[in-house]
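One structure below.
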Amino acid sequence: MNQDILSFFDGKPEALPLYEVFEQKVLSGVEDVKVKVQKTQIAFSNRHNFAFVSFLPVRRAKERPAVYIVVTFGLGRRAESPRIDAATEPYPGRWTHHVLISERSGIDEELMAWVREAAAFSAAKR
């Protein structure tokens, strides 16, 4: 774990274990991933960014758990699931999805399948 990642979680250290599980699954499930810590998010990329971890307020404050991360990923289609807190189409044929994760069990095969699909979609973009 590098210092930039630890610094990103300074204000919310209890969320770090969720991130660690997600990062491990991304790195073991997607080839040639680069991780870049930014001010408000951690980006995962191959040719382009395909997934992010942040603390986006995708739910009202009273509906958010005390400990959480938000996983954001981009697909060429709109994924339908009650787990998806928000989905937008910023460009035709490019959908951004936000999923709030509050437990390790939320980082499951369904989520990781979306992330792998996002990585493939990103790798194919020009």
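Quick notes on this one:
- Checklist (1) of a type outside the set (Ser, Thr, Tyr); (2) under 23 Å from LYS125 (Cα atoms); (3) surrounded by 14 or more Cβ atoms within 10 Å (Cβ to Cβ); (4) at pLDDT below 95 applied to PHE73, failing item: (4)
- Summed over segment 5-36, residues that are in contact (Cβ under 8 Å) with a residue 40 or more places away in the chain, of a type in the set (Val, Ile, Thr) and not in a loop (DSSP other than H, G, I, E, B) total 2.
- Condition met for ALA43 (touching a residue at least 60 places away in the same chain (Cβ under 8 Å), of a type in the set (A, V, I, L, M, F, W, C) and in contact with a Phe, Trp or Tyr (Cβ under 6 Å, 6 or more places away or on another chain)): no
- Taken together, the residues in segment 106-126 that are over 14 Å from ARG94 (Cα atoms) and among the basic types (Lys, Arg) amount to 1.
- There is at least one residue in segment 96-111 that is surrounded by 15 or more Cβ atoms within 10 Å (Cβ to Cβ) and in a helix (DSSP H, G or I).
- Here is the figure for segment 63-84: residues that are out of contact with any Gly (no Cβ under 6 Å at 6 or more places or on another chain) and within 24 Å of ASN49 (Cα to Cα) total 15.
- Residue count for segment 63-93 under the criterion of being out of contact with any His (no Cβ under 7 Å at 6 or more places or on another chain) and farther than 22 Å from SER105 by Cα: the result is 9.
- Conditions (1) hydrophobic (A, V, I, L, M, F, W, C); (2) over 24 Å from ILE5 (Cα atoms); (3) free of Cβ contacts under 8 Å to residues at least 24 places away in the same chain: number failed by PHE52: (2)
- Segment 45-69, residues that are charged (D, E, K, R), farther than 20 Å from VAL35 by Cα and not in a helix (DSSP H, G or I): ARG59, ARG60, ARG64
- Residues that are within 11 Å of the chain's Cα centre (by Cα) and aliphatic (A, V, I, L, M), drawn from segment 34-67: ILE42, ALA43, ALA51, VAL53, LEU56
- The one condition in (1) under 15 Å from the mean Cα position of the chain (by Cα); (2) surrounded by fewer than 19 Cβ atoms within 10 Å (Cβ to Cβ); (3) not in a strand (DSSP E or B) that SER81 fails to fulfil: (1)
The values are calculated or read from the model by the stated rules, or taken from the named source; none is laboratory data. Quick caveat: nothing in here was measured; it's all calculated off a predicted structure. FYI the Cβ positions are ideal-geometry reconstructions off the backbone, even for glycines, and counts take in every protein chain you see.
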